[in-house]
Structure formats: structure tokens, C-alpha cells
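Here the structure is laid out as C-alpha cells; the discussion comes afterwards.
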Amino acid sequence: MFEGLRFSHWHADLGADGVLVLSLDRAGETVNTLGQAVLDELGQMLDRVAIEPPRGLLVRSAKPAGFIAGADIREFQRFAENGETLDAIQRGHRVFGKLAALSIPTVAAIHGHCMGGGLEIALACRYRIASDDSKTRLGVPEVKLGIQPGWGGSSRLPHLVGATAAMEMMLSGRALAASAALAIGLVDRVVAPAALLDGARELLQRGRQRPLLQRLKVAVSNLWIVRQALAPVLRKQVAAKADPRQYPAPFAIIEFWRRFGGSVRNGLAAEPRAVVKLAQTATARNLVRVYFLQEALKNLGTTAAHGIGHVHVVGAGVMGGDIAAWCAVQGFTVSLQDRELKYVQPALDRALALFTKKLKTADKIAAAMARLTADVDSTRVPDADLIIEAIFENLEAKRALYTNLEPRMKAGALLATNTSSIPLPELDAGLLDATRFVGIHYFNPVAMMPLVEIVKHPRQSPQTTARAAAFVRAIDKLPVLVSTSPGFLVNRILVPYLIEAATIFSEGVPGPVIDRIAKKFGMPMGPIELADVVGLDVAASVGKVVGPVVGMTVPAQLEALLAAGKRGKKDGQGLYLWKDGRAVKPVIDKNYRAAADLEDRMILPFLNEAVACLHEGVVESEEYLDAGVIFATGFAPFRGGPIQYIRDTGGALLKARLEALAVKYGPRFTPKPGWDRFL
């Protein structure tokens, strides 16, 4: 059938049953993505299939990692930079259109990841079958890159699963497990991995008629009158979470469906230019940058084997207990040490809640609980490959603990501290072997925060750094390498922002006003609420360590609240009153007018310290700094990170605004060394 054609990425096998199997195995890559060469080959194959049609066509992946991860984002970025996005989208449309137009039955056999363009290939097939493996996930995450599905997904998905389910997938970018995909009609069958190809062949042979009720539901959900009524509701829901000026893609997806969702044909005709319009926005450019920043952090954990099976955590408080639970949920054997069982038990109770939420089934929950044990007597220290110290922030207490632990550690074991602010050279002074000492700094809440700082110090060996980074990837977190410094990277940059916000609060500006201004800039949570969530005691403790470095002091009002036992959310009272886990924010008079410089007072110290950290080499590059700050603080992803924001806005302009604030409010706003690189 394919005589005279040579293919690098697709392999064809025509079986005795007349079914042609096209297997994608992108050359030179461990994961299948849809680069233009891959699509060009598929287009050539489909041209031949249309001329000499087999009895059926089965599309599958030859890679064990999964089906198709989506478009090649590097190519997408290059096309956007060169003004070639429209041509690339249209070429993809033509190829997928050839697949959809075949007169023979077609099926996509899906295992592992099936994302973006991968799902759009599956949507162009008549049938879809998925394995019930826990790694199987189907989704259209394009909104996370600031665009909409562009190879038919925006048009075909609502007419397959109905508008409501399609909008949920496209607006959230979340992926579905195979069972959830089956429930909404995204796939026709779910089978065991070993039965995937046989099940696909059976679908080709017997076909499947979708239930009448499901077909009617889909049809009704895309009627003109339904689209006009539902679109404003969806816009309102999205607007409660995102600003259309900052994140235009979800609003564009809704409007696209409202206008063109009446038929697949109308949608396909309009889709390429709709994608190009979004791809040209600064938000899309910066979100693509954030995607590559995330990939760069993932790669930091691939240079060595971690060699860790047993983790011993000392300190069963909120951080230590949650670190232990997270390690256990990721498959590690974990022992948790504290002075008495009464201090460990609350951590075990929280762990059970986490396991129940994450693992779902009774057998998996029981297995995780079996991996996590209390060790009040510290008997498991000699068994551990990694010991994580997570006790309170006190230099002498930590040193005394290391003196007790180190002689009992086995050869090759690592000793890590979760300190959030103490420089490591102050901690490692009494160690017999400082080469295996490392900072592994988690953020609260551990289960939700994706970033972990790997803190380096002068006596640490490169092997220790590499093993620590590999371990962080093994527990499904993103490592960023930072040099030892008060507050390291994230807290050093965050503390000036929080202290200035608390200072503004102490001047009488209402908390909701401060929070609203920060959120308008793009922060996921306002600084007043954030301080309460972190804990005023933690914020003040870190602030006292970092404050002298950044030239700021913790406001007296914060100290007074702490003296009264009001530490924030965990006590029910801090800068806000808390009830049922939510801040009770006072109602602000509608005539209240905040000072025009409040945003600058909060954001510019943040940027100023980012510049200083880069100048001092706390991180190796602008990219690592932006990545660390985005994934630890949620700094406005649509802005691409603090350094990218400085470059986009203009270093000279921002430095001048800092200088103006320094004249008005004092030397804490004086520009730090390092701004020259942005002028």
C-alpha cells in the first residue's frame, strides 16, 4: 500500500483481517508529540488509505509512555515567533480532516497520556477505546498555554460529549481518567491494557451505536438558543476565577462555541484563525514560557539515581507530618519521629485523610498506611536512606539533633533540613561529613505546592545535590537549585512583599483592599490572607531572619497579634477572623479610595529582591528564578515570572518607580544591585 514511501515516525501493518494498524513511534523521542514531520507522514499515509481503503484503520502508539502527549510545543513556539501559526494549524486541520473523511471505520486505541493534539486525532476517528490503566489520561490542556484546542478539538468535542462536559474539559484543562471519559461518552469502551488492541479490532468489526438519549442530549446542548443562554452563565463562572484581560483564552473558548458551535463544519472553518488570535497574545507567549520553565525544572532531577527507598522524618508537626505522608503516598517507606506518640498521631490522622483523597481504594490506602510508621524511639534511623529534619526554626536545636543522628546514619544516607530560612553553613558546622548534608525545603501545604527548593552549600558534594533533585522528582515535585542565603530564593523574595503588605495594613488600609489590589495584579491570593494561611508566627519568624537582608522589619502590630496568641487561620484569628476555614473579611465602604501607589509598594519590593537574588547568584539563571517564584508563590503566570515582567515592562521604568518610593517612604525601596542588566 505504501510502496515507494519511507516513513520515520509511523509504522504500518496490514493484518490478515484487513485492518491497517498505524503505530506512531516518533523517532529520537521517548514521548510521542505531533511535530509537522509526524503530521506530514500521516497525511501521506491517509492519502494512500483513501485510494486503497482497508477494512478498517487502527491508530495506536508504539511507545509505552502513552498515546500522544499533544503538539510539539517547541515547534509551536517557533511558528508563533515566525508568524507561521496559521499555516501550521491549517496543515494539521487538513491531515485530521483526511482521517475524519475516511469511509472506512477508524478507531484510536489509547493508553497512557492522550492530550491536546493526541485527543484531537482520536476525535477525528469514528471510535475510541482506552485502557483502564491508572496512567491513562485524556484531556485538552491548551487553555493552560493561553490558547484553545486548534486541531478540531474546539469543534468536535462539544458534538461528541455535549457542551457542558466539553466546556468543563476545555475551560479547566484537566485530564480525565479512562472511566470518567467513558462516563461522558468521550471513549466508547474501556478495557484492560492487554485487551486494548483486540478490543479496538472488535469495535472496528462490530461498531457501536451511541444511545439515543445521549445523542439527543448532545444535539440539544449545541442548539443556538442553548448556546446563547448558557454562554453568559459560563462567562460569569469563569470571571469569578480569572480576569479576561489577563487570561483571555477561556472567554474566547466560550465565545467561539456560542458563535460557531452549531455544527462541526462551522467550527472547523473558524478554528484556525481563532487559535492564531490567542497565540499572538502576551499571555499565550508567557504561558508557553512557563511550560518550558516547568520542563526545565523536571530535567534537574534526571541527572542521577536517588538511591532512596526509606525516608525518616524528624518532627511530626504540620510540615514534617505532611512531608512524611506525601513521601508515603508516592510509594516510599517512611518512619516519622517525634518526642511522644501524641505528637505523631495527628500527623498519622492527616496522612489517612490524604491517602483517602488521593488513592481512593481501600487496598491502596491500607498499603500507604503500612508504609508510614511512627518511630518515637528513633530506631529506624540506621535503616533510612534519607533523613529529613523538620523541627522548629532554632539553630541550636537543629545542631543538637544532627549530633544525635549523624553517628547512627548508614553509609551513603543523606541528611536534609527543611529549614525555611537558616543558612546551611550555620547548620553544618558540627557535622562529621557535610558533603551529604542538603537543604530540601518544602512549602505549605505540602500536598498542593509543586515546588521544592534544593539548597546547596559550599561543602556539599555534587552527588548529594543530584540525588536530592532526583528524589524530589520521584515524589512528583519540581526541584529548583538555590544557593544558601537567608530565606533562600522564594522566602527571600516573598518576605518583602508580605512585610510591606502588613505595613500598609498597620497604617489602616483594610485587608480586603490590599488583597484585591494584589489579586488584580495577578497574585492567586492576597498577601493579608496569605500571611494568615501561612501562619503569622511562621511569617514573623522568617521575616526576622530575612528582614535584615532586605532592609525591612516586621510591623509591631504583627508582633502584638502573636503575643495575644492570634497566629492566623490555624487559631481562627490573625489579620482576619477565620470561620470554617474561610476568612471573614470586613465589608469596605464603596466610597473608600486606596492610595494610587499601593500596588507599587507591594510588587516593587518583590521585584527588587528578585533582581538582587539573580545578581548574587542565589539561582543560576533568570529562567530558574522565574520558575521557582511562579511554582512556589503563584506569581501571575500570565506575566511569565518576575524577571520576564521586568523585561516586558522595562527595567528603567521600574527602577525609577522604586527610587520615587524610596524618596517618599524610605530606604527600604532603594533599588538593589543588579538593575543595570535590565536598563
Quick count over segment 551-566, residues being under 15 Å from Leu498 (Cα atoms) and surrounded by 11 or more Cβ atoms within 10 Å (Cβ to Cβ), is 8
Take the conditions of a type in the set (D, E, K, R), modelled with pLDDT of 95 or more and in contact with a Lys or Arg (Cβ under 9 Å, 6 or more places away or on another chain) and apply them to Glu168. Does it pass?
yes
Matching entry among Lys579, Lys585 (being more than 25 Å from the chain's Cα centre (by Cα) and touching a residue at least 12 places away in the same chain (Cβ under 8 Å))
Lys585
Restricting attention to segment 459-481, does a residue exist that is part of a strand (DSSP E or B), on the phi < 0 side of the Ramachandran plot and touching a Ser or Thr at 6+ places or on another chain (Cβ under 9 Å)?
yes
Looking for something part of a helix (DSSP H, G or I) and loosely packed, with under 14 Cβ neighbours inside 10 Å - is there at least one such residue anywhere in segment 101-109?
yes
Could you please let me know if Glu623 is closer than 22 Å to Ala282 by Cβ and either surrounded by fewer than 22 Cβ atoms within 10 Å (Cβ to Cβ) or among the basic types (Lys, Arg) (or both)?
yes
Suppose we keep only residues that are polar (S, T, N, Q) and at pLDDT 95 or above within segment 9-35. Which one would you say is farthest from Lys135 (Cα to Cα)?
Ser23
Counted residues in segment 1-43 being closer than 15 Å to Ile68 by Cβ, of a type in the set (S, T, N, Q) and part of a loop (DSSP other than H, G, I, E, B) come to 3
Could you please find all residues in segment 516-539 being crowded, with 22+ Cβ neighbours inside 10 Å, without any contact (Cβ under 8 Å) to a residue 40 or more places away in the chain and part of a helix (DSSP H, G or I)?
Leu530, Leu536
Checked Gly116, Gly173 against criteria (at positive phi, surrounded by 23 or more Cβ atoms within 10 Å (Cβ to Cβ) and not charged (D, E, K, R)); the one match is Gly116
Being closer than 25 Å to Cys114 by Cα, in contact with an Asp or Glu (Cβ under 8 Å, 6 or more places away or on another chain) and without any contact (Cβ under 8 Å) to a residue 60 or more places away in the chain narrows Gln36, Gln44 down to just Gln36
Can you tell me which condition Val546 does not meet? The list is (1) under 27 Å from Tyr592 (Cα atoms); (2) touching a residue at least 60 places away in the same chain (Cβ under 8 Å), and all the others hold.
(1)
When you scan segment 613-632, how many residues do you find that are within 17 Å of Asn299 (Cβ to Cβ), among the aliphatic types (A, V, I, L, M) and part of a loop (DSSP other than H, G, I, E, B)?
1
Going by what's in this entry, would Val587 be described as in contact with a Leu (Cβ under 6 Å, 6 or more places away or on another chain) and not in a helix (DSSP H, G or I)?
no
So for segment 394-415 (the condition being assigned to a strand (DSSP E or B) and touching a residue at least 24 places away in the same chain (Cβ under 8 Å)), does at least one residue qualify?
yes
Which numbered condition trips up Glu120, out of (1) assigned to a loop (DSSP other than H, G, I, E, B); (2) without any contact (Cβ under 8 Å) to a residue 60 or more places away in the chain; (3) of a type in the set (Asp, Glu)?
(1)
Does Val438 fit the bill of being over 21 Å from Thr403 (Cα atoms), part of a strand (DSSP E or B) and free of Cβ contacts under 8 Å to residues at least 40 places away in the same chain?
no
Kindly check whether there is at least one residue in segment 126-135 that is free of Cβ contacts under 8 Å to residues at least 60 places away in the same chain and either within 12 Å of Ile254 (Cα to Cα) or crowded, with 24+ Cβ neighbours inside 10 Å (or both).
no
Quick one: which of Ala384, Ala351, Ala347, Ala324 is hydrophobic (A, V, I, L, M, F, W, C), in contact (Cβ under 8 Å) with a residue 40 or more places away in the chain and within 21 Å of Met449 (Cα to Cα)?
Ala324
Determine, yes or no, whether Ala390 is surrounded by 20 or more Cβ atoms within 10 Å (Cβ to Cβ), among the small types (Gly, Ala, Ser) and in contact (Cβ under 8 Å) with a residue 40 or more places away in the chain.
yes
Could you tell me which residue of segment 310-366 is nearest to Leu401 (Cα to Cα), considering only residues that are aromatic (Phe, Trp, Tyr) and either part of a helix (DSSP H, G or I) or at pLDDT below 95 (or both)?
Tyr343
Quick check: anything in segment 286-297 in contact with a strand residue (DSSP E or B) (Cβ under 7 Å, 6 or more places away or on another chain) and farther than 24 Å from Ala384 by Cα?
yes
Scanning segment 633-651 for residues that are in contact (Cβ under 8 Å) with a residue 40 or more places away in the chain and either part of a loop (DSSP other than H, G, I, E, B) or of a type in the set (A, V, I, L, M, F, W, C) (or both), the one surrounded by the fewest Cβ atoms within 10 Å (Cβ to Cβ) turns out to be Gly634
Residues of segment 379-393 being in a loop (DSSP other than H, G, I, E, B) and touching a Lys or Arg at 6+ places or on another chain (Cβ under 9 Å), which ones?
Ala384, Asp385, Ile391, Phe392
Residue selected from segment 480-499 under the condition more than 18 Å from Ser541 (Cβ to Cβ) and crowded, with 24+ Cβ neighbours inside 10 Å, by the criterion nearest to the chain's Cα centre (by Cα):
Val480
Suppose we filter segment 432-450 for residues that are crowded, with 17+ Cβ neighbours inside 10 Å, farther than 13 Å from Phe631 by Cα and modelled with pLDDT under 95; how many remain?
0
In segment 54-90, anything of a type in the set (Ser, Thr, Tyr) and in a loop (DSSP other than H, G, I, E, B) is listed as none
Which of the residues spanning segment 252-290 are surrounded by 22 or more Cβ atoms within 10 Å (Cβ to Cβ) and not in a helix (DSSP H, G or I)?
Gly261
The one condition Met448 fails out of (1) over 23 Å from Ala305 (Cβ atoms); (2) in contact (Cβ under 8 Å) with a residue 40 or more places away in the chain; (3) under 21 Å from the mean Cα position of the chain (by Cα) is (2)
Residues being surrounded by fewer than 19 Cβ atoms within 10 Å (Cβ to Cβ) and either touching a Cys at 6+ places or on another chain (Cβ under 9 Å) or part of a helix (DSSP H, G or I) (or both) - total across segment 500-512:
2
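The values are calculated or read from the model by the stated rules, or taken from the named source; none is laboratory data. Because the structure is a prediction, the values reported are computed rather than measured. Ideal geometry is used to build each Cβ from the backbone, glycine not excepted, and the neighbour counts take in all protein chains shown.
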